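This report refers to the structure that appears directly beneath it.
Readers should treat all values here as calculations from the given coordinates under stated rules, not as data from a laboratory. This structure is a prediction, so every number in the text was calculated from the model and none was measured. Cβ coordinates were reconstructed from backbone atoms using ideal geometry, including for glycine residues, and neighbour counts include every protein chain displayed.
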Amino acid sequence: MTPLPETAFGAHDHAACIAGALSAAEAVCAARGAQLTPVRRRVLEILLESHGAMGAYDVLARLDAEGMGKQPPVAYRALSFLVEQGLAHRIEKLNAFVACAHPGGAHAPAFMICRGCGAVAEAEAGMGGALGERAAEAGFRIERTVMEAEGLCPACQEAA
C-alpha cells in the first residue's frame with residue numbers, strides 16, 4: 001500500500017486504507033519471522049484509526065479501556081516493535097507515533113503535520129536531493145533522516 005501524502009488530508013476509503021495496512025503489516029512480520037501479537041496488532045489498529053499522531057499514553061488509555069494492559073511498558077513495547085519493524089514512525093515534534101504509510105519498506109519519510117486538525121501525512125523525502133548530494137560530497141552516509149513540516153492542510157486553510 002502506498003497512499004499519496006494527501007490521503008491524510010482528503011476523502012478516501014479509510015476502511016480499505018486500514019485493511020491494506022494491516023495486511024501489509026502481517027506480510028512484513030511473516031517475512032521477518034516477527035510476531036504481530038494481539039497487543040501489537042491492536043496498537044497498530046489504534047494508530048491506523050486516524051491519520052493523526054498519538055502519544056504513548058493515549059494508546060495506553062485505549063488498551064486499558066479494552067482490558068489489554070494498563071502499565072506503560074505494554075504500550076511502549078508495542079510501539080517500539082512497530083517502529084523497529086517499519087510499521088510506525090515516531091514524530092519527534094509531537095512526541096507521538098503514527099502508522100507508516102509504506103509499511104516495512106526502507107524509505108526516508110518526511111511528515112506534513114497540520115497544526116489545525118492534527119492530521120499527519122507521510123511523504124517520501126528520499127536520500128537524494130540537496131541533503132543527499134551534500135552528504136555524498138562530504139563522504140557522509142545518511143542512515144536515518146527525520147523531516148517534519150508543520151502547516152495547514154487544505155481543509156484547515158479553507159476554514160481559516
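Any residue that is among the aliphatic types (A, V, I, L, M) and closer than 26 Å to residue 31 by Cβ - is there at least one of those in the stretch 124-137? Yes.
Go through the residues of the stretch 66-73 one by one and say whether even a single one is touching a helix residue (DSSP H, G or I) at 6+ places or on another chain (Cβ under 7 Å) and surrounded by 18 or more Cβ atoms within 10 Å (Cβ to Cβ). Checking the stretch 66-73: not a single residue is touching a helix residue (DSSP H, G or I) at 6+ places or on another chain (Cβ under 7 Å) and surrounded by 18 or more Cβ atoms within 10 Å (Cβ to Cβ). Residues of the stretch 16-42 that are of a type outside the set (Val, Ile, Thr), within 19 Å of residue 66 (Cα to Cα) and assigned to a loop (DSSP other than H, G, I, E, B): 36 alone. Among the residues making up the stretch 116-160, a single one is loosely packed, with under 13 Cβ neighbours inside 10 Å and touching a residue at least 60 places away in the same chain (Cβ under 8 Å): 154. Taken together, the criteria exclude residue 97 from residues that are crowded, with 19+ Cβ neighbours inside 10 Å, more than 11 Å from the chain's Cα centre (by Cα) and within 25 Å of residue 32 (Cα to Cα). For the stretch 75-113, the tally of residues that are assigned to a loop (DSSP other than H, G, I, E, B) and among the small types (Gly, Ala, Ser) stands at 6.
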